[in-house]
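Notes follow the structure.
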Amino acid sequence: MLGEYRISGRRAAEISASIERAVGEGALQPGELLPPLRELAERLGVNPNTVAAAYRTLRERGVIETAGRRGSRVRPKPATTARDLMRVEVPPGVRDLSEGNPDPALLPALAGAFAAAAAQGDREPVLYGQAPVEPELARLTRAGLDADGVPDGPVAVTSGALDALERVLMAHLKPGDAVAVEDPGWGSLLDLVPALGLRTVPVGVDDEGPLPDDVRKALAGGARALIVTDRAQNPTGAALSAARAGDLRSVLAGHPETLLIEDDHGHHIVDLPLHPLAGVTHSWAFVRSASKAYGPDLRLAVLTGDPVTLDRVRGRQRLGPGWVSRIVQRAVARLWSEGAVDPVAVAGRYGRRREALISALAGRGVGARGVSGLNVWVPVPDETGAVARLLHAGWAVAPGARFRLRAEPGIRVTVSGLGEDEVGVVAEAIAGAVGASGAGPLRTYV
């Protein structure tokens, strides 16, 4: 157990840092058993509660796993999607506002685009060894990115945004490296980072995006990568403002070796301008997904970045799936070129639903947030109780635990399918479930 490595530290943060450092350097190997709490506490001359707190931090960051009496080990394999297990079981008759899906009524019809793409495939079959990216999709992607101020770079296509994020992280980082992530943030990403053997470093978020001071501390503390959602942040709806983007560029300029990843999954459902950060650091990637505006089942995202990053991503992709179906790529290109989605109209519909709910909650003394996207975030004093009471009242919402590391409790309400006649009813139910006296604006940690 531990071989020659000696864990050090007197405080929980020092002990967890000692173990994390050993994992990152390879002194502690995957699957290696850690000392029992009391044994390590006695060795270090500290209270067992201090070691327990250190181990808890390591579990939350995906560095170790604990199996009851069998003890704690350095994580030997990728984590499962634990946060997805925090879903609410929605019984019949309960209105589901928990899943974060787009409104099917606002998605475009796909039959025509796929029929045309399939017909082209009949005329020009895609065979092994051909280009992995459909030329017309690459052209449209690059034109859109140019218009939004994203620096020039090669284009790749992945099976959705999460696939792109995983490939970029693995192109540069090694197990034990730290990644700065938004908190609250996308639950699937918070699962993915530790599943890759990486450590999460939480960064607070307000309506304008990640907090610069938190980002500065994370990077100064050794985080090797930063992941930012440009618009429609999940779950809070934050959107990167021009001023905040300027502040973050200044922070990143002081850490040019940082791997910067931007997620623009809100493309074509948000009418707020894009303020990209790309180009400040040597290694960067910008991901744009088609899922929210055109349909989750398309499983398609486009990706650009610096040449080294894109070369590594495409090289590894060739050794796995090879490419994303060119039929799907051609269909998406046709949907884009034909203007199958009116971004202003779609963003307006979602925006009116968010604003109506936020206003209705405010009228009942409940603070909530959501400047863009599909969701409204409601801080609550008792997350579990609020979810249970709402379920009893006939409304299913997502528990904030799916999206939090150190941020305060909350619930996420998806408004994409919320009818005008439902707004007042659900606002009344939320107010009753959380208690107006316990509600307020979202606070962030220091």
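The values are calculated or read from the model by the stated rules, or taken from the named source; none is laboratory data. Keep in mind it's a predicted model, so treat the numbers as computed, not measured. Don't worry about glycine lacking a Cβ; one is built from the backbone with ideal geometry, like all the others, and counts go over all protein chains shown.
Output the qualifying pairs, or none if there are none: Cβ atoms under 7 angstrom, residues six or more apart or on different chains, first residue in the range 314-335 and farther than 10 Å from P132 by Cβ, second residue of a type in the set (D, E, K, R).
R316/R167; R330/E134; A333/E134; A333/E136
Only residues in the range 140-166 that are under 14 Å from W284 (Cα atoms) count as the first member; pair them with residues that are among the polar types (S, T, N, Q) and surrounded by 22 or more Cβ atoms within 10 Å (Cβ to Cβ), Cβ under 7 angstrom, at least 6 apart or cross-chain, and list the lot.
V150/T304; G153/T304; P154/T304; V155/T141; V155/T304; A164/T158
Has the range 191-211 got any residue that is over 24 Å from R59 (Cβ atoms) and among the aliphatic types (A, V, I, L, M)? First the steps, then the outcome.
Our first condition is that a residue be over 24 Å from R59 (Cβ atoms); within the range 191-211, this holds for 206-211.
Next, from what is left, pick out any that are among the aliphatic types (A, V, I, L, M): 211.
Yes, the range 191-211 has at least one match.
Do you know which of the residues in the range 291-317 that are assigned to a helix (DSSP H, G or I) and more than 21 Å from the chain's Cα centre (by Cα) is farthest from L110 (Cα to Cα)? I'd like the intermediate steps shown before the answer.
Going through the range 291-317, the residues assigned to a helix (DSSP H, G or I) turn out to be 291-294, 296-298, 307-317.
If we keep only those that are more than 21 Å from the chain's Cα centre (by Cα) too, we end up with 307-308, 311-312, 314-317.
Values: P307: 33, V308: 35, D311: 32, R312: 32, R314: 28, G315: 31, R316: 30, Q317: 27 Å.
Out of the qualifying residues, it is V308.
Among the residues of the range 131-172 satisfying the criterion of being small (G, A, S) and not in a helix (DSSP H, G or I), which is nearest to L303 (Cα to Cα)? First the steps, then the outcome.
Of the residues in the range 131-172, the ones small (G, A, S) are 131, 138, 143-144, 147, 149, 153, 156, 159-161, 164, 171.
Within this subset, residues satisfying the condition of being not in a helix (DSSP H, G or I) are 131, 149, 153, 156, 159-160.
On the way: A131: 15, G149: 15, G153: 9, A156: 5, S159: 11, G160: 10 Å.
Among those that are small (G, A, S) and not in a helix (DSSP H, G or I), it is A156.
Which residues, counting only those in the range 379-407, are crowded, with 22+ Cβ neighbours inside 10 Å and either in contact with a Ser or Thr (Cβ under 7 Å, 6 or more places away or on another chain) or touching a residue at least 60 places away in the same chain (Cβ under 8 Å) (or both)?
Result: P379, V387, W395, V397, A398, P399, G400, R402, F403, A407.
Can you confirm whether A105 is outside any loop (DSSP other than H, G, I, E, B), modelled with pLDDT of 85 or more and closer than 29 Å to P399 by Cβ?
Yes.
Would you be able to say whether some residue in the range 32-45 is outside any strand (DSSP E or B), modelled with pLDDT under 90 and not assigned by TED's automatic domain parsing to the domain that holds L405?
Going through the range 32-45, the residues outside any strand (DSSP E or B) turn out to be 32, 34-45.
If we keep only those that are modelled with pLDDT under 90 too, we end up with 32.
Then drop every residue that is not not assigned by TED's automatic domain parsing to the domain that holds L405, which leaves 32.
Yes; the residues of the range 32-45 include at least one that is outside any strand (DSSP E or B), modelled with pLDDT under 90 and not assigned by TED's automatic domain parsing to the domain that holds L405.
Since R369 meets every condition but one in (1) over 30 Å from V280 (Cβ atoms); (2) touching a Phe, Trp or Tyr at 6+ places or on another chain (Cβ under 8 Å); (3) basic (K, R), which condition does it not meet?
(1)
Could you please find all residues in the range 4-31 being outside any helix (DSSP H, G or I) and either within 17 Å of G71 (Cα to Cα) or modelled with pLDDT of 90 or more (or both)?
Listed by number, the residues that qualify are I7, S8, G9, R10, R11, L28, Q29, P30, G31.
Among the residues of the range 245-286, which ones are of a type in the set (D, E, K, R) and without any contact (Cβ under 8 Å) to a residue 40 or more places away in the chain?
If we filter the range 245-286 for residues that are of a type in the set (D, E, K, R), which is where we start, we get 247, 249, 257, 262-264, 271.
Listed by number, the residues that qualify are D247, R249, E257, E262, D264.
Can you pull out the residues in the range 408-426 that are of a type in the set (V, I, T) and in contact (Cβ under 8 Å) with a residue 12 or more places away in the chain?
Hits for the range 408-426 are I411, V413, T414, V415, V423, V426.
I'd like the full set of residues that are touching a Ser or Thr at 6+ places or on another chain (Cβ under 8 Å), closer than 16 Å to A407 by Cα and small (G, A, S), limited to the range 181-228.
Across the range 181-228, the qualifying residues are G185, G204, G209.
Starting from residues that are modelled with pLDDT under 95 and not in a loop (DSSP other than H, G, I, E, B), keep the ones in the range 363-385 and report whichever is nearest to the chain's Cα centre (by Cα).
E383
Looking at the structure I just gave you, is V94 buried (at least 17 other Cβ atoms within 10 Å of the Cβ) and under 25 Å from the mean Cα position of the chain (by Cα)?
The answer is no for V94.
Of all residues in the range 113-130 being assigned to a helix (DSSP H, G or I) and free of Cβ contacts under 8 Å to residues at least 40 places away in the same chain, which is nearest to S291 (Cα to Cα)?
Per the criteria, the residue is A115.
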